[in-house]
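The values are calculated or read from the model by the stated rules, or taken from the named source; none is laboratory data. Quick caveat, the model's predicted, so the values are computed rather than measured. As a convention, Cβ positions derive from the backbone with ideal geometry for all residues, glycine included, and neighbour counts pool all protein chains shown.
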Amino acid sequence: MEVFLARQPILKSNEEIFAYELLYRSQKQQNISEINGDKATLDVLNTLMQIGIDELSEGKLCFINFTDNLLKYEFPNYLRPDMFVIEILENVVFTDELIDQCRRLKVQGYKIALDDFEMLGDEENFDKIMKIASIVKIDVQKTSRAEQQKLFQLFKPYNIELLAEKVETREEYEQCLRDGYKYFQGYFFCRPTIHSTKDLEAHGSTFFEVMMELSIPEPDITKIADKIERDLSTSYKLLKLVNSPVFLGNNKIKSIKQAIMLIGLKELKKWIYLLYMREQSDQKHHIPNQLIKLSLIRAKASELIATNIGQRHESPSYFLVGILSLMDTLLRVPIEKIIEKLPLDNNIKDTLLGVQTPYRDVLELVISIEKGEWSEIDKLSNKMDINKETLNNHYLNAIKWASEVYKRSLS
């Protein structure tokens, strides 16, 4: 497999997933200017067939970029209209032939999105284009708010849904929300905004599975650790328990399994029952599903990469770094305050604070994959001497693992 896939979430106003945009790059391409749009899309479609669209999309729509050439030869017709959005790149020239082709796609049920609309500059065909488009993407970093307001007025007569892309801060998201955007793309959702402390909701299935394992004559600590690792809330609360006055000491935790061994199975059983009762009585706070999933993906991808680069014995620590890397956003508490209450190994603490540690490069590599930052992926993968195809497979496997874990936690 020569194509490296990344996916960027597109969120609705409630921060739940609406769709994913699939980003792609061949290993043979050294920089973005070398990317041939036709080949890139054909490669990603071929890759999708191999991986399975259901695995990658998790049942959501997928935005795929199309050039005028691929539209001309009707390649979108190979895709199901209920699963894909045809995204037309900003450098496409809308000829009468292309507009007719897009009309036919719309009649067949396809949604058509226009990328970087402010660069389109086709006043002559504006009315025709607006009547075939379903979604217009506006880059809020390149387009001033005054220019956005002008565009909103132009769009009013048409049945257009607006998507704000490159939304990088919570403030930008809230402004776009007020302005009337329906969809949002960017990494505002995984950056912390500190307002008040939140509690993380644990999933009941985790408690029951751990209780069942603890009830047998010889519980398997590895199995118990694996079940707890799958639940972000339970992992976090276990670490807090280890740091409580009940377990005084200078223990520095590097994995969930180590935490379980420290407190002992007897104490763990009491704590699991107490935590379950508390979860049943507490009022729950809404936390976006995407943040939970992203934490799980980071954890599993970090673990797999660590194993690949010869750090198998340390892979649980890489997992822990990944699963805690968004905790400040989830709890709306500064990361410094979170880690001072957890009995973490100093290298793990430093990593979460942004210090360069043995774990830092792997975490940065995983985050770069999330964002499709190809130059950073090249730099870090070369530094760690990890094959791009293997790296791609690790990330895709992490997505599948996180999706399955999340679905099972809700069942």
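A count restricted to the range 330-345 and to residues that are touching a residue at least 40 places away in the same chain (Cβ under 8 Å) and either on the phi > 0 side of the Ramachandran plot or touching a Phe, Trp or Tyr at 6+ places or on another chain (Cβ under 9 Å) (or both) stands at 5. Residue 365 meets each of the listed conditions (1) within 16 Å of residue 386 (Cβ to Cβ); (2) at pLDDT below 95 apart from (2).
Within the bounds of the range 334-343, is there any residue that is modelled with pLDDT under 95, out of contact with any Asp or Glu (no Cβ under 9 Å at 6 or more places or on another chain), under 20 Å from residue 300 (Cα atoms) and in the same structural domain as residue 309 (by TED's automatic domain parsing)? No, the range 334-343 contains no residue that is modelled with pLDDT under 95, out of contact with any Asp or Glu (no Cβ under 9 Å at 6 or more places or on another chain), under 20 Å from residue 300 (Cα atoms) and in the same structural domain as residue 309 (by TED's automatic domain parsing). Among residues of the range 363-385 being in contact (Cβ under 8 Å) with a residue 40 or more places away in the chain and touching a Leu at 6+ places or on another chain (Cβ under 8 Å), the one that is farthest from residue 309 (Cα to Cα) is 372.
Out of curiosity, is residue 381 closer than 29 Å to residue 57 by Cα and within 14 Å of the chain's Cα centre (by Cα)? No: the conditions fail for residue 381. Put simply, of 105, 151 the only residue that is more than 25 Å from residue 370 (Cβ to Cβ) and touching a Phe, Trp or Tyr at 6+ places or on another chain (Cβ under 9 Å) is 151. When residue 112 is tested against (1) within 28 Å of the chain's Cα centre (by Cα); (2) modelled with pLDDT under 90, just one condition goes unmet, and that condition is (2). Counting only helices (runs of 4 or more DSSP H) that sit completely within the range 305-410, those holding 3 or more residues that are not aliphatic (A, V, I, L, M) correspond to 315-324, 346-352, 360-371, 374-384, 388-410.
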